[in-house]
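Nothing in this text is a laboratory measurement; each read-out follows from the coordinates by a stated rule. Keep in mind that this is a model prediction, so the values were computed, not measured. A quick note on method: Cβ atoms are made from the backbone with ideal geometry, for glycine too, and the neighbour counts reach across all protein chains shown.
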Amino acid sequence: MEIAPQRKVSSDDVGVASTLPVYRSPPELEIRLEDFELFAIDRLRVLKGISDALSRGKKPDEIEKLVEVLWKTHKEHLQPSEAINKDIISHFVLRLVYCRTEELRKWFLSMETTLFRYRFKHESVESQRALLAEFDLPYKAVSNAEFESVKEKLSQVARSLRPHLPSSTTDVVFYKVPFEEVPELVAGRRVYVHKGYAYVAMNQVVSLVVTQFRSNLSKALILTNRKWASTICDKEKNRLTPIVETLATSYLGPDYSEPKEFAEISLKDLDQVANNSFPLCMRHLFEKLREDHHLKHGGRMQLGLFLKGVGLKLDDALAFWKSEFSKKVGPERFDKEYAYSIRHNYGKEGKRVDYTPYSCQKIISCTPGVGDHHGCPYRHFSEENLRAALNKMGVSSRYMTDVMDKVRNRHYQLACTLTFEAIHGSPCDSGINHPNQYFSDSQKILQAKVEI
């Protein structure tokens, strides 16, 4: 498909700044729908990796190393010109995906700006100067005469900031910038300020460029949303809408349609593993099922597919659900109204599709109604109910504060990750992205303790 009216980009076109495009307009490229989606997913892995690191409070140098690794993976096995094209295409596809609501725009803007910041820092001085010119920033290097008049002050700043600035300023290019345009440098006392101007070293110029990049992208996202709503033809929109909507809530890990490390969970072990290794969302559903002997459709789907993924066989699943539902609706009604959907989830009825357990993202994005028990407790519970549920799981007050802080900031998966760490006494650096991952990681830790 053609994604924009501009000539194809090659490494020769972009010169010294070729490794870091500024994404003014997308290139004219014929791209298959499969690549359209795959390129976007690869970039999304990078952005979500950055998001997880920021949410977990990683230090700037840790994030810088992470970005370097993630971006290397993003362009792996590609020639330079192919990597550039993939970079540009994936950015514009995700721009289309994340332009549609204020919340999506805010997340994308933050992650892309962070990615740009760390990529810029790894550019050569020549590329950085070219990017400064590309953004048409009205800053000129400080003249030799002016440099001599402030050299001692600049040297004092440089000595106080080792290794962030070279201790010697003799060969460093400085730019004179209105101080209000580099607030983070001024706040951190990382520049010399005189008569309303900040003297910014070349290796600090990232703040200037990133501010401009963020401003340009913010405006572009709003414009893209307007164009998507008003000018893209219905035929094209019908082709792209399913991909665009799926990418915004996509889960990028294993599907857990089949149990991974643990081949089978028997009925007699179900209560024990539920108590030890179920994440809060599934534990809540399991307890409500035991209590009420019934779950509405959303709850049956969320818990049923999860149990399938942890290794509960079809015959055991039918026996489990029937034993509970029969206490409320009777065995005959269960066989008539509910057994089919359980067999259907296991691919034994209808189209015989092997349905996959729900990811965290899918569970978080659902909207439970009155009487429903499915969804994500970190998002859908009141604070009082969530605290009570976490206390019941054994989360100590020391961890509780951190968990609730993540919930208030809408980092629901990170809140679940902290819960996992609190209960198991073990770090979970990859973060929790799927209920079945929670279960699998929990079982690994518990089995390792038994073997010691």
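When +1 charges are put on Lys and Arg Cβ atoms and -1 charges on Asp and Glu Cβ atoms, the dipole computed for the range 241-355 relative to its Cα centre reaches about 320 debye. Placing +1 on each Lys and Arg Cβ and -1 on each Asp and Glu Cβ, with no other charges, gives the chain a dipole about its Cα centre of roughly 840 debye. Note: relative contact order over the chain, using C-alpha pairs below 8 Å and six or more positions apart, is 13 percent.
Projecting label points 7 angstrom from Cα along Cα→Cβ for Lys227 and Ser257 puts them 3.6 nm apart. Taking each of Lys72/Lys121; Lys308/Lys336; Lys288/Lys322; Lys288/Lys348; Lys48/Lys106; Lys308/Lys444 in turn, the alpha-carbon distance tops 25 angstrom for Lys288/Lys348. Here Lys153 is the anchor, and the aspartates and glutamates within straight C-alpha reach of less than 20 Å, apart from those fewer than 8 places off in the same chain, are Asp171, Glu180, Glu184.
Net charge in the neighbourhood of Leu217 (other residues with Cβ under 11 Å of its Cβ; Lys, Arg +1, Asp, Glu -1) is +4. Taking label points 7 Å from Cα along the Cα-to-Cβ direction, Ser215 and Val353 give a separation of 4.8 nm.
Taking each residue as 0.36 nm, the span from Lys296 to Asn391 lengthens on full extension beyond its C-alpha to C-alpha distance by 31.6 nm. Each peptide among 309-319, 185-195 gets the average number of other Cβ atoms lying within 10 Å of its residues, and from highest to lowest they stand as 309-319, 185-195.
Say the cut-off is 31 Å between C-alpha atoms; which of Lys140/Lys219; Lys65/Lys406; Lys313/Lys449; Lys313/Lys351; Lys75/Lys176 go over it? Walk me through the numbers on the way to the answer.
Values: Lys140/Lys219 26 Å; Lys65/Lys406 24 Å; Lys313/Lys449 27 Å; Lys313/Lys351 19 Å; Lys75/Lys176 36 Å.
Over 31 Å Cα-Cα: Lys75/Lys176.
In the chain, the longest principal axis of the Cα atoms and the axis of helix 435-451 are about 80 degrees apart. Taking Cα atoms only, the orientation of helix 206-230 departs from the longest principal axis of the chain by about 50 degrees. Debye-formula intensities of the chain, expressed as log10 I(q)/I(0) at q = 0.06, 0.10, 0.11, 0.13 Å⁻¹, are -0.36, -0.87, -1.00, -1.21 (one equal scatterer per alpha-carbon, no solvent). When peptides 423-436, 335-348, 140-153 are ranked by their average number of other Cβ atoms within 10 Å per residue, the highest-first order is 423-436, 335-348, 140-153.
Ranked for footprinting exposure by Cβ neighbours inside 10 Å, fewest first, Thr211, Thr401 give Thr401, Thr211. For the range 137-160, backbone nitrogen atoms closer than 14 Å to the point 7 Å from His194 Cα along Cα-to-C-beta are found at 142-158. Couplings for the range 84-90, taken from phi via the Karplus curve 6.51 cos²θ - 1.76 cosθ + 1.60 with θ = phi - 60°, read 5, 5, 5, 4, 5, 4, 4 Hz in order; Gly and Pro are left as x.
Taking 7 Å steps out from each Cα toward its Cβ at Ala133 and Asp61 produces label points 3.4 nm apart. Considering only Ile445, Asn276, Gly330, and ranking their Cα positions along the charge dipole of the range 267-451 that arises from unit charges at the beta-carbon of Lys, Arg, Asp and Glu, the one farthest toward the positive end is Gly330.
When the charge dipole of the range 282-435 is built from unit charges on Cβ atoms (+1 for Lys and Arg, -1 for Asp and Glu) and taken about the Cα centre, the candidate among Gly347, Gly311, Ala415 whose Cα reaches farthest toward its positive end is Gly347. Per q in 0.11 1/Å, what log10 I(q)/I(0) does a Debye calculation on the alpha-carbon atoms of the range 267-451 return? Results for the range 267-451 at q = 0.11 Å⁻¹ read -0.49. Most tightly packed first, judged by the mean number of other beta-carbon atoms within 10 Å of their residues, the peptides 279-292, 114-127, 70-83 read 279-292, 114-127, 70-83. For the chain, the longest principal axis of the Cα atoms and the long axis of helix 383-393 meet at an angle of about 70 degrees.
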